[in-house]
Amino acid sequence: MLLDIRNVDFGYQNEQPLLVDFSMHIKKGEFVALLGPSGCGKSTLLNLAAGLLTPLDGEVDFGGNALHGLNRQVGYMTQGDTLLPWMSVSKNILLPLELRGVPRAERQQKLERALKLVNLVEARDKFPSELSGGMKRRALLARSIIYEPPMLLMDEPFGALDAQLRETMHQELLDTVNRMDESVLFVTHDISESILLADRIIVLGNRPLRVMEEIRLPWGKDRNLNEIRGCDEYVRLEHHLRDLLRMSKH
Ligand SMILES: Nc1ncnc2c1ncn2[C@@H]1O[C@H](COP(=O)(O)OP(=O)(O)OP(=O)(O)O)[C@@H](O)[C@H]1O
Ligand SMILES: [Mg+2]
């Protein structure tokens, strides 16, 4: 088990408990999508996995050890824009490598690869204020994968992208995580995206956060996204998930 969230209680100060005895886990190399209503606690779960929040009770284990403080083994692409406005795209993307003291030659090599991967080679010297919404998301993606952490936490990473770019990013993300045998915990509101990308979908319900259903996808790692979109099982799953999400709101 790479990430093991066990019997966790959590609530924000002066608020109703959000998680009560909540458990979920992710194996090495697994891609898990979280679907659930707004405000149910998806970002909170990611923050617990990143060690930014601490459970009131229960345990969060990563790689077999209980988490204490920040989890440095995850790349975290948060919902918001956390690019530093006074640094260029390249400098922003390089930041995690500099913080880790990676040698200069290796930094440069990884930067080139990351820029190519997210299609930002030409924008490398621009500042965040000069980027479109989609370009910012791509820079954030590059920054979270550049040091090849064993797990990526991604909070609605592609919501702001146009449909075509999103399709490209889907394929790129799958290729990248498969090549690096990466585990992914991926929050999305997009049912289709969850079916295409995940090995397993966890549908979450509200108050307290609970697992309504888990669905294992039958596609395998070397999936062809265009073929999946055309098959009957995809259409069936899409309907099923739409019904589940409608129920999870109540
Ligand atoms: N820092 C905070 N202090 C107090 N309450 C918070 C804080 N962050 C989130 N909450 C509350 O906790 C609940 C869960 O929030 P969270 O951001 O985890 O939801 P979410 O499932 O990610 O929603 P969305 O899909 O809209 O991003 C919400 O009711 C929210 O108002
Ligand atoms: Mg959220």
Go over the candidates Leu34, Leu56 one by one and state the one that is in contact (Cβ under 8 Å) with a residue 24 or more places away in the chain and over 20 Å from Met212 (Cα atoms). Leu56
Taking the range 1-23 and keeping only residues that are aliphatic (A, V, I, L, M) and farther than 21 Å from Leu153 by Cβ, one is left with Val20
Which residue, of Gly64, Gly51, Gly80, is free of Cβ contacts under 8 Å to residues at least 60 places away in the same chain, on the phi > 0 side of the Ramachandran plot and of a type outside the set (Ser, Thr, Tyr)? Gly51
Would you confirm whether any residue within the range 32-48 is buried (at least 19 other Cβ atoms within 10 Å of the Cβ), within 14 Å of ligand 2 (Cβ to nearest atom) and charged (D, E, K, R)? yes
Note on the range 60-101: residues aliphatic (A, V, I, L, M), outside any helix (DSSP H, G or I) and either touching a helix residue (DSSP H, G or I) at 6+ places or on another chain (Cβ under 7 Å) or crowded, with 17+ Cβ neighbours inside 10 Å (or both) are Val60, Leu67, Val74, Met77, Leu83, Leu84
Filter the range 224-248 down to the residues that are surrounded by fewer than 12 Cβ atoms within 10 Å (Cβ to Cβ) and either over 30 Å from Asn206 (Cβ atoms) or touching a Cys at 6+ places or on another chain (Cβ under 6 Å) (or both) and list them by number. Asn224, Asn226, Glu227, Gly230, Asp232
Give the residues of the range 39-54 that are within 14 Å of ligand 1 (Cβ to nearest atom) and assigned to a loop (DSSP other than H, G, I, E, B), sorted by residue number. Gly39, Cys40, Gly41, Ala50, Leu52, Leu53, Thr54
Is it the case that Gly101 is of a type in the set (Gly, Ala, Ser) and at pLDDT below 90? no
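Conditions (1) over 15 Å from the mean Cα position of the chain (by Cα); (2) away from ligand 2 (no atom under 16 Å from the Cβ); (3) surrounded by 15 or more Cβ atoms within 10 Å (Cβ to Cβ); (4) farther than 30 Å from Gly11 by Cα, marked per residue:
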{"site": "Pro150", "(1), (2), (3), (4)": "no, yes, yes, no"}
{"site": "Leu153", "(1), (2), (3), (4)": "no, no, yes, no"}
{"site": "Arg179", "(1), (2), (3), (4)": "yes, yes, no, yes"}
{"site": "Glu193", "(1), (2), (3), (4)": "no, no, yes, no"}
{"site": "Gly205", "(1), (2), (3), (4)": "yes, no, yes, no"}
{"site": "Met212", "(1), (2), (3), (4)": "yes, yes, yes, no"}
{"site": "Asp222", "(1), (2), (3), (4)": "yes, yes, no, yes"}
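Let's see how each residue does on (1) in contact with a Gly (Cβ under 7 Å, 6 or more places away or on another chain); (2) within 16 Å of ligand 1 (Cβ to nearest atom):
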position	(1), (2)
Glu30	no, no
Gly69	yes, no
Thr82	no, yes
Met87	no, no
Leu95	no, no
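The values are calculated or read from the model by the stated rules, or taken from the named source; none is laboratory data. Treat the numbers as computed from the prediction; the structure is a model and nothing was measured. Every residue, glycine among them, receives a Cβ derived from its backbone with ideal geometry; neighbour counts consider all protein chains shown.
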